[in-house]
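For reference, the structure discussed in these notes is given below.
Only the coordinates and a few stated rules stand behind these numbers; no lab work does. For clarity, every value in this text was computed on a predicted model and none was experimentally measured. No Cβ is skipped: glycine too gets one built from the backbone with ideal geometry, and neighbour counts run over all protein chains shown.
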Amino acid sequence: MCGRYTLKNPGAIAAVYPAAAGLIEALGARYNVAPSQALPVVVRDGDRAAAARMAWGLVPAWERSARPRLAPTNARSEEALQKPLFRAALQKRRCLVPADGFYEWRRVGEKTKVPHHIQRLDGRPFAMAGIYEEANDLRPATFALLTTGPNELMAPIHDRMPVILTAEGERRWLADEGLDAATLASLATPYPAAELEAFTVSPLVNNARHDTPDCARPTPYLEDPTFPW
């Protein structure tokens, strides 16, 4: 799964995803993006890419409650085509979710989870594969991230990771065509471990109210029962 991510360098992200530059720069640097927040994504609009602001947590179009019971932040790529909750969005409403890092938690013992920040080795931004539901009279547009199995770097940390797309994968993800199981599987492969790095970070990131550079700063894991992991 992916429960938090970063937009640490808005200028660099805007340069790679110019369609969403205005929204990204207006949002500013974010070090602890969390579910339910309104965030910039890139969608297909006719024959071009366009920006949209969407809440993280996909609410299905048929959900008419003001307080929806369903708002998943992630969708397992291996199951998405079979699940009614995700199937139509996967075929018709795909988006790119720009980021420059994400967080995952490694379980250490029964009660401790240690946060890790994962980013590209070169520090460059990337896009995660997303699906979305359009805005209606009850709520704004919402989105979820596609996840896949872990690569060699992620496996010791967690058994899932977001689908990070290559440049060609981004083009295919936004293409105005449906996806069959084989095509989806080819796009939702784990990103190469050799191109990523992971390091432990402060437990500050555990609380979504903390959104400062300290959240993404390398912090050695201290095996000390008094340390607030």
- Within the range 117-148, track down each residue that is surrounded by fewer than 23 Cβ atoms within 10 Å (Cβ to Cβ) and more than 26 Å from ARG171 (Cα to Cα). ASN136, ASP137, LEU138, ARG139
- Task: Answer yes or no: is there a residue in the range 199-215 that is surrounded by fewer than 19 Cβ atoms within 10 Å (Cβ to Cβ), of a type in the set (Gly, Ala, Ser) and under 26 Å from GLU79 (Cα atoms).
- Result: no
- Note on the structure: Over the range 114-133, the set of residues among the charged types (D, E, K, R) and out of contact with any Pro (no Cβ under 9 Å at 6 or more places or on another chain) is ARG120, ASP122, ARG124
- Matching residues in the range 155-184 - criterion: being touching a residue at least 12 places away in the same chain (Cβ under 8 Å), closer than 30 Å to PRO115 by Cβ and among the hydrophobic types (A, V, I, L, M, F, W, C): ILE157, MET161, VAL163, ILE164, LEU165, TRP173, LEU184
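Which of the residues belonging to the range 82-111 are outside any loop (DSSP other than H, G, I, E, B) and in contact with a helix residue (DSSP H, G or I) (Cβ under 7 Å, 6 or more places away or on another chain)?
Step one: of the range 82-111, the residues outside any loop (DSSP other than H, G, I, E, B) are 84-92, 94-99, 101-108.
Within the range 82-111, ARG94, LEU96, PRO98, GLY101, TYR103 qualify.
Could you say whether any residue in the range 128-138 is over 15 Å from the mean Cα position of the chain (by Cα), closer than 30 Å to THR219 by Cα and assigned to a loop (DSSP other than H, G, I, E, B)? Step through it out loud before you land on a result.
Just the residues of the range 128-138 that are over 15 Å from the mean Cα position of the chain (by Cα), to begin with: 133-138.
Of the ones still in play, those that are also closer than 30 Å to THR219 by Cα are none.
No, every residue in the range 128-138 fails to be over 15 Å from the mean Cα position of the chain (by Cα), closer than 30 Å to THR219 by Cα and assigned to a loop (DSSP other than H, G, I, E, B).
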- Task: Check whether at least one residue in the range 40-50 is over 19 Å from ARG217 (Cα atoms), within 15 Å of the chain's Cα centre (by Cα) and not aliphatic (A, V, I, L, M), and report yes or no.
- Result: yes
- Looking at VAL114, is it crowded, with 16+ Cβ neighbours inside 10 Å, part of a strand (DSSP E or B) and either touching a Phe, Trp or Tyr at 6+ places or on another chain (Cβ under 6 Å) or aliphatic (A, V, I, L, M) (or both)? yes
- Task: Residues being in a helix (DSSP H, G or I), within 20 Å of GLN119 (Cβ to Cβ) and touching a residue at least 24 places away in the same chain (Cβ under 8 Å): count how many of those fall in the range 16-28.
- Result: 3
- Residue, surrounded by the fewest Cβ atoms within 10 Å (Cβ to Cβ), within the range 54-81, restricted to residues that are among the polar types (S, T, N, Q) and in a loop (DSSP other than H, G, I, E, B): SER65
